Each structure stands twice: as structure tokens, then as C-alpha cells.
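Written out below as C-alpha cells is the structure these notes cover.
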Amino acid sequence: MVYRKLFGVPAWRIRSPFEELERMRNRMDRLIDGFSRGSFETSSAGVYPLINLTEDKENYYVYAELPGVKPEALDIEATANNISISGERKIPPEDEGAKYHRKEREAGHFSRIIQMPGDINPETVDASLTNGILSVKVPKAATEKPKKIVIQGE
Amino acid sequence: MTSAENQELTVRDKTALNQSAEQTRDGAVFTPDVDIFETEREITLLADLPGVKAENLGINLRDDVLTIAGETEDLRKEGQVGIIAEYESGKYYRQFTLSESIDQAKIDAKLNDGVLRLTLPKVAKAAPRRITVKTG
């Protein structure tokens, strides 16, 4: 190390065999937790950004964590049954004299397409980006919405 | 930065924090990704904290230990059912030890688009003062 060490190694970063086991156990616990909570699909498509997809009677909702992405650097497109999210996460360069202690954040392009479970109405898709979280409200096509059937009495 | 500009972003798992102490509330705790750099005058810390509102972010500097703790809210409204869950949200927590004196009064924190920018100015070293000796 050429530079003075300013930041101590946080305790939980120290690797020991037990630490690794503990981490694995925690992961397993969370996985099992996820299964028991509902019919969640926990496998990931392995494409950035990771998404969460939910639905109610009227809409599908797509959520993604995109910290540091500006709305103008984000592109969302909708077709009859899928949503594509693409964009760029930029990390502007700092002062030339800056010396780094840690550099964990990454910049780069991303592009992902998400198949919706049913037909959607691409005309009225609504997206917002707040505090680094993207939320996309995707209205279901009329054919996908549950219809209330009126039971007629005599 | 040319290589970074063309880079394709890849998926990385959030790092879950290993709890040594018991938690009072349920939920996952993650360690945010950070960049830390220093110049002659200050130390800057950038942390990715998606979903954390300014009022739910706590930054604390005590005895050279800097603590960042943030809470996120569940965006799912009543009646929404999960279909795919690729990421988890929860709390963020990370501690750093500073070995440089920081001018506490001038610490500046900004939270934009889910990224915290914390500026920690170093204490200005006393400029050497020349003492002139008068002759009587």
C-alpha cells in the first residue's frame, strides 16, 4: 500500500471458513423464506437490471433498482406482451488528483426484455424513477382482466 | 474511463450483511456498494442506496467510525401478488473507520437518484506561523 490506510477493514469482511458457512446458511434461510411466502420465482434471468414483477387485477408492476441512472438515460419500450428496459449507468469521473480506497460501483450499458405473463395494453404503460428505483405500471389488455359475471336471479 | 463506457453491466448479487447482533426488526440487511476516494482536502464517499429516501437515511460519525444506515419501503401496494422476485429489498448498513481527522461541521451529504454523495472535509492543518522576534 502506497497510500496511508484510512479505512479499516470492516469486521464482516474478514473471511474465515465459518464466516463463509454463516453466509451460506443465511442465503439458504432467505431462499426458504421466499418459498414459504408465496409462489415466488426466485431464479434470476441473470440480466441487469434485476426485476421484481407483481400483478393485481388491472396491472402488472415491474420494479428494478437503478441507482444513479437518470431518467433521460433510460429507455423503456412496450409491445403487445413484453417490456424492454435499456439504458446506461454513468459514473462521472472525479478530480484527477483523487486517490481511490474502494471502487465497487460499476458503470455501463444495460438492455433487458421482460416477457409479461399475459397480453398488455402498450399504449398506457406508465414509468417512474424515484430514489433510484424504476417502477413501471403495465395495464393488462382487456382480455386478460377478470370479468365479473353477473348471476341473474329470476 | 473509456473501457467503462462501453462496458455491459452484469448482474451482481447484493451482499447480505452478517449480523453479529440480534436485530429488533425482521428483514434482510445489505451492505451498499461504495466508491471512496480522497483528495488533499477531503474524502468523498459514494454509496448506492436505491429506494432510500433522505429522511430514512442515517449518517453518523462517532469516534472515527462512520456509520451509514438506510431503510427502504415496500413499494408493493395492497392487493399486488408477486410473480417474479429477482432481488430483495431491505435495509442498508455499513461502517467505516476513518483514521483522518474530519471537520465534522463541514460534512455534506447529498442523495440523488438513489446515490449518496458524502463529502468529509479533512481538518485544515494549522498553517505554520512565523513569529518575528522583536528586538528592544
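The values are calculated or read from the model by the stated rules, or taken from the named source; none is laboratory data. Just so it is clear, the structure is predicted and the values come from calculations on it, not from any experiment. Cβ placement follows ideal geometry from the backbone for every residue including glycine, while neighbour counts extend to all protein chains displayed. Surface accessibility is based on the protein's heavy atoms, side chains included, excluding ligands, DNA and RNA. Shrake-Rupley method; radii C 1.70, N 1.55, O 1.52, S 1.80 Å.
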**OP:** Count the net charge of all other residues whose Cβ sits under 14 Å from the Cβ of A:Ile76, scoring Lys and Arg as +1 and Asp and Glu as -1.
**Re:** -3
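Which net charge results for the neighbourhood of A:Leu129, defined as the other residues with beta-carbon distances under 9 angstrom from its beta-carbon, given Lys and Arg at +1 and Asp and Glu at -1?
Working: positive: A:Lys70; negative: B:Asp113.
Net charge around A:Leu129: 0.
Rounded to the nearest percent, how much of the accessible area of chain B (1.4 Å probe, protein heavy atoms only) is carbon and sulfur? Provide the component values of the computation, followed by the final result.
On the way: 3930 of 8470 Å².
Carbon with sulfur: 46 percent of the solvent-accessible area.
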**OP:** Would you give the gap between the C-alpha center of the range A:56-128 and the C-alpha center of the range B:85-136, rounded to a whole Å?
**Re:** 32 Å
Original post:
Which of the lysines could a cross-linker span from A:Lys90 if the Cα-Cα distance has to be under 19 Å and same-chain partners fewer than 8 positions apart are dropped?
Top reply: A:Lys70, A:Lys103, B:Lys110
Subject >> Interface residues in the range B:77-95 - accessible area drops by 30 Å² or more relative to the isolated chain, probe 1.4 Å >> reply: B:Gln80, B:Val81, B:Gly82, B:Ile83, B:Ile84, B:Ala85, B:Glu86, B:Tyr87, B:Glu88, B:Arg94, B:Gln95
Original post:
Which value, in Å², gives the accessible area per residue of the range A:89-135 when a 1.4 Å probe is used on the protein heavy atoms?
Top reply: 57 Å²
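For A:83-91, what's the mean count of beta carbons from other chains sitting within 10 Å of each residue's beta carbon? Intermediate values should be presented prior to the final figure.
On the way: counts 0, 0, 0, 0, 1, 3, 6, 3, 6.
Taking the mean over all residues of the peptide, I get 2.
What percentage of the solvent-accessible surface of the range A:65-143, computed with a 1.4 Å probe over protein heavy atoms, is contributed by carbon and sulfur atoms? Don't skip to the answer; put the middle values down first.
Numbers: 1840 of 4050 Å².
Carbon with sulfur: 45 percent of the solvent-accessible area.
Counting DSSP beta bridges with both partners in chain B, what percentage is antiparallel, nearest 5? Provide the component values of the computation, followed by the final result.
Details: 33 of 35 bridges.
Just about 95 percent of them are antiparallel.
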Original post:
Other chains' Cβ within 10 Å of B:29-40 residues: what's the mean?
Top reply: 6
Original post:
Per residue, how many Å² of accessible area does chain B show with a 1.4 Å probe?
Top reply: 62 Å²
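Nearest 100 Å², what total accessible surface is buried between chain A and chain B (probe 1.4 Å)?
When A and B are taken together, about 6000 Å² of accessible area is lost.
Contact order normalised by length for the range B:83-136, with contacts defined as Cα pairs under 8 Å and 6 or more residues apart; what percent is it?
26 percent
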Original post:
For peptide A:55-65, how many partner chain Cβ atoms fall within 10 Å of a residue's Cβ, on average?
Top reply: 4
Original post:
Mind listing which GluC sites (Glu not before Pro) in the range B:40-71 are in a DSSP loop and have 14 or fewer other Cβ atoms within 10 Å?
Top reply: B:Glu40
Subject >> Charge sum, other residues only, whose C-beta stays under 9 Å from A:Asp119's C-beta, Lys/Arg counted +1 and Asp/Glu -1 >> reply: 0
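Report relative contact order for the range A:74-154 in percent, whole number only (criteria: Cα-Cα under 8 Å, sequence separation at least 6).
On the way: 103 pairs, mean separation 21.6, N = 81.
Once divided by the residue count of the range A:74-154, the mean separation gives 27 percent.
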